[in-house]
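Below you'll find the structure, written out as structure tokens, and then a few comments.
Rule-based calculations on the coordinates, nothing more; no lab input. Note that the structure is a prediction, hence the values are computed from the model and not measured. Glycine gets a Cβ as well: all are built from the backbone with ideal geometry, and neighbour counts include every protein chain shown.
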Amino acid sequence: MIVAIEAGAPEAPVGAAAGRVEAFAARRAAGEPLSRICGRREFWGLDLAISSDVLDPRPETETIVEAAIAELAGCRGEALRVLDLGVGSGALLAAILTEFPRAIGVGVDLSERAAALACANLEALGLADRATIRLGDWGDGLEGGFDLIVSNPPYIRSDEIAGLDREVRDHDPRLALDGGEDGLEAYRALAPQLARLLAPAGRFFLEFGEGQGEAVRAILRAAGLDVAALLPDLSGRARVAAGRRAARAPI
């Protein structure tokens, strides 16, 4: 709502909006991000609803979308099968389905409320007929054959969460942040799932935290996956592990 203030009377009361403005200002002063207060976030040019049940999608994660488009540029007209593990708000899945208009997608989340929000976002964006959202623990219960698997899993060390910026610590769900004792717990769970669920020529793109690239590469390689590159985000920091199934050695 836009509140008009009479010219020459800046001290005039704003009426019914005053309470909302005051509450808004108090929440922002307490460290709540603007996107949380508004309940909306733009990601890849898409307008998404967010809530306290999902990670606030950030520009760094768009690196995954950029990488997928670059790697699969010749397949944009194909009926690709896409899997988003830890779908959250549905940001990654929605962006990829928008860029690949014949693709169909599955998103999985452990949180029932996150899954419900992802469903709502995909429906609002006109993508619900090409997407299925499931409750589950990573890829458990899914059959393979996915051409593209993406994930932004939790990767913050448990003992580091208390020291995070308050906009993250106090407002992003711990389930989406806590990567266990060394921050790598999710990758150990994901690696065998990727190896099982990828189509023979399928690709994967996983986000990771600062300084974790080589450790994530080692975990994925141990599961029989080939990490082709550790891709940088806009700040130049290695952010995304890109790869596929490792080619079998000739007999």
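For the charge dipole of the chain, defined by +1 on Lys and Arg C-beta atoms and -1 on Asp and Glu C-beta atoms about the Cα centroid, which residue among PHE146, ALA91, PRO33 has the Cα displaced farthest towards the positive pole?
PHE146
Expressed in nm to one decimal, what extension gain is obtained for the pair THR132 and LEU234 from 0.36 nm per residue of sequence separation less their Cα-Cα distance?
On the way: separation 102, 0.36 × 102 = 36.72 nm, distance 3.06 nm.
Full extension from THR132 to LEU234 adds 33.7 nm.
State the answer as a single residue: which of VAL216, CYS119, LEU194 lies farthest towards the positive end of the charge dipole of region 51-245, with beta carbon charges of +1 for Lys and Arg and -1 for Asp and Glu, about the Cα centre.
LEU194
Please name which of ALA247, ALA70, PHE205 has its Cα lying farthest along the dipole of the chain towards the positive end, using unit charges on Cβ (Lys, Arg +1; Asp, Glu -1) and the Cα centre as origin.
My answer, from the dipole projection, is ALA247.
Per residue of region 86-93, what does 6.51 cos²θ - 1.76 cosθ + 1.60 with θ = phi - 60° give for ³J(HN,Hα)? Whole Hz please, x for Gly and Pro, Karplus curve as stated.
x, 5, x, 6, x, 4, 5, 4
Nearest 500 deg cm²/dmol is fine: what mean residue ellipticity at 222 nm does the chain get from its DSSP H runs of n ≥ 4 alone, each adding -39,500 (n - 2.57), divided by its residue count?
On the way: 8 runs with 77 residues, N = 251.
After summing the helix terms and dividing by residue count, I get -9000 deg cm²/dmol.
Treating only the Cβ of Lys, Arg, Asp and Glu as charged (+1, +1, -1, -1), what charge dipole size does region 51-245 show about its Cα centre? Round to the nearest 20 debye.
Numbers: 20 positive and 32 negative charges, 141 e Å.
With Lys and Arg at +1 and Asp and Glu at -1, about 680 debye.
Once you order the gyration tensor axes a ≥ b ≥ c over the Cα atoms, which shape class does region 115-248 get: rounded for a/c under 1.5, otherwise prolate or oblate by comparing a/b with b/c? Before the final figure, lay out each step's value.
Details: a/c = 1.67, a/b = 1.06, b/c = 1.57.
Verdict is oblate for region 115-248.
Report, by chain and number, residues whose modeled amide H sits under 5 Å from the one on ARG134, excluding near sequence neighbours (fewer than 5 apart, same chain).
Correct list: GLY107, VAL108, ASP109.
Taking θ as phi - 60°, what are the ³J(HN,Hα) couplings along region 208-219 by the Karplus curve (6.51, -1.76, 1.60), each to the nearest whole Hz, with x for Gly and Pro?
Coupling constants for region 208-219: 9, x, 4, x, 9, x, 5, 5, 5, 4, 5, 5 Hz.
Quote the FRET efficiency, to the nearest 0.05, computed for ARG174 versus GLU210 with a Förster distance R0 of 22 Å and r equal to the Cβ-Cβ distance.
On the way: r = 19 Å, r/R0 = 0.88.
E(calc), rounded to 0.05, equals 0.70.
Between SER52 and ARG113, how many nm apart are label points set 7 Å from Cα along the C-beta direction?
Here the answer is 0.6 nm between the modelled labels.
How high is the relative contact order of the chain, given as a whole-number percent (alpha carbon pairs under 8 Å, six or more residues apart)?
16
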